Amino acid sequence: MKPIITALSAAVGLLLSSATGAEEITMFDYEEATSAYQDAYLNAQFDLQSGNQDQTSFSTDISANYDQVFSSPDRNTRVNFIGDTSMSRGSSDGDSTKKNYQALASLTNDMYFNPTQNNAFWYSKAEIGAQTDMVDPFTKLTVGVGYGRVVNATPMAKTIRVIEELQERGLLKGSVSRATYQNVAQIIAKEPEYRSRYGSADYAEYWVEAIGKALGTTLGPRGAIKSYDVLVNERISTRKYGWLVRAGIGAVLTNYDGSDTKPALEVGAEYHYPINNQLQFSNEAILTAILDDGDNGFNASNSMSLTYELRDNIDWENTWLLNYSESDGSEDLMTNSLKSTFRYYVSNVISLTLTAGLSKTDDNIDYVPGVTDRNDDVDKTLQMGLTYRLK
């Protein structure tokens with residue numbers, strides 16, 4: 001793993017230096033220490049229409065996303081939650097209000113056998129889910145093995161931003177070495193440690209002071225305020241690099257349809273690559289096979305994203321989500337969803353979004369009015385929304 005990442009880093013650095021004639025610091029220069037990060041969002045979208053229709057129609061969608069990762073050389077622990085609830089009513093007289101919800105939470109623990117020698121690990125995972133009209137909640141336990149490592153390089157992204165701002169304002173003179181970048185990133189990664197030691201009200205002054213010492217200088221009032229502004233008031237999206245693969249066995253203890261315990265196999269993979277300091281590519285895929293006499297089936301999903309930081313307060317996010325399910329007792333179902341979002345951060349916690357989307361569902365069922373749902377065509381959406389960043 002490490003030789004591959006080092007080779008990629010060297011190749012990227014060579015290309016950039018040949019183009020600019022100067023040494024370029026990238027996310028690959030970050031050597032991960034013990035760190036933690038959280039991403040937590042609450043998204044809301046609403047649409048209301050009236051006039052030239054039998055009744056006022058509306059649709060509303062509220063979703064929540066939470067992702068927390070604790071990283072150390074010998075262990076990675078991830079807590080993830082995705083939830084969505086929607087309510088809508090059609091424009092025809094007599095159309096009733098439809099309500100739907102779904103949620104899935106998981107806890108994954110990767111334990112590396114010998115982190116100083118290789119990136120082999122064993123893992124355990126617990127999942128619980130709920131959805132509309134379920135008989136029982138979904139619960140699943142899995143254990144398995146894997147190889148690889150994904151590094152959270154967000155501290156280096158913050159370091160690059162801080163140093164750029166200080167240099168542009170003449171508050172930091174001369175060139176900065178790679179070792180200094182790494183030292184500053186290590187201090188930034190320890191924000192939770194400073195918060196725990198000094199308290200949420202006072203930790204920032206000690207934290208920013210330590211960053212100045214890592215830079216080899218004493219930050220004056222302007223430098224301290226600007227560093228704090230970048231680290232606390234600006235929104236810097238999570239940056240990662242690396243890959244991993246995993247395979248495990250487990251059991252679906254309870255399922256939405258009320259069925260009994262079934263054995264399951266799981267295969268998954270992740271790949272993250274910061275193309276440059278503004279552009280992040282990520283892809284996560286997972287396949288789960290449920291084994292049951294006469295009712296075998298599997299579910300596969302792939303989530304791909306490309307995020308470009310247009311400005312300090314504007315991100316352009318592009319995602320492709322593919323879901324495929326197959327079972328002996330039902331038709332195959334495949335859903336493709338493409339979304340492109342411009343996100344404008346009003347503050348570091350509130351953002352306005354403009355999203356264009358395309359989605360297509362293939363279920364091998366022809367549309368029959370009043371009998372089956374209409375999903376033969378591509379759905380097109382254009383929505384404005386509001387996002388509140390919890391963490």
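Overview of values
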quantity	calculated
For the stretch 153-233: accessible area per residue (Å², 1.4 Å)	51
Cβ-defined net charge surrounding residue 102, 11 Å radius [Lys, Arg +1; Asp, Glu -1]	-2
Residue 93 accessible area, 1.4 Å probe, all protein chains in place, Å² to nearest 10	120
Per-residue ³J(HN,Hα) for the stretch 110-125, Karplus 6.51 cos²θ - 1.76 cosθ + 1.60, θ = phi - 60°, Hz, x for Gly and Pro	9, 10, 7, 5, 8, x, 7, 9, 7, 10, 6, 8, 10, 9, 10, 9
Long pairs among 240/380; 99/240; 99/339, criterion Cα-Cα beyond 28 Å	240/380; 99/240
Calculated Kirkwood radius over Cα pairs in Å (choose from [x] 23.8; [y] 21.5; [z] 23.0), label	[x]
Span-rule helices in the chain, defined as complete DSSP H runs reaching 20 Å or more along the axis (Cα) with Kyte mean at least -0.5	2-20, 154-168
The stretch 377-389 - phi-based ³J(HN,Hα) in whole Hz, Karplus 6.51/-1.76/1.60, Gly and Pro as x	9, 7, 7, 10, 9, 9, 9, 10, x, 10, 10, 10, 8
Amide H partners (placed H, <5 Å) of residue 237, local residues excluded	none
Distant-in-sequence amide H partners of residue 172 (H built 1.01 Å from N, under 5 Å)	167
Net charge of Cβ neighbours under 10 Å - reference residue 235; Lys, Arg +1; Asp, Glu -1	-2
Rounded if a/c under 1.5, otherwise prolate or oblate - the stretch 39-171, Cα gyration tensor axes	oblate
Helical contribution to [θ] at 222 nm, DSSP H n ≥ 4, -39,500 (n - 2.57), averaged over the chain, rounded to 500	-6000 deg cm²/dmol
Heavy-atom accessible area order for 134, 27, largest first, 1.4 Å probe	134, 27
In sequence order, calculated HN-Hα J values of the stretch 301-309 (Karplus, 6.51, -1.76, 1.60; Hz; x Gly/Pro)	9, 9, 10, 10, 9, 9, 10, 10, 8
Partner lysines for residue 226 [C-alpha distance under 23 Å; skip if fewer than 8 residues away on the same chain]	158, 173, 190, 213, 391
Fraction of accessible area attributable to carbon and sulfur, the chain (%, probe 1.4 Å)	55
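The values are calculated or read from the model by the stated rules, or taken from the named source; none is laboratory data. Computed from a predicted model, the values in this text were never measured in an experiment. Neighbour counts are summed over all protein chains in view; Cβ atoms, including those assigned to glycine, are modelled from backbone coordinates with ideal geometry. We work out accessible area using only protein heavy atoms, side chains counted, and drop any ligands, DNA or RNA first. Shrake-Rupley method; radii C 1.70, N 1.55, O 1.52, S 1.80 Å.
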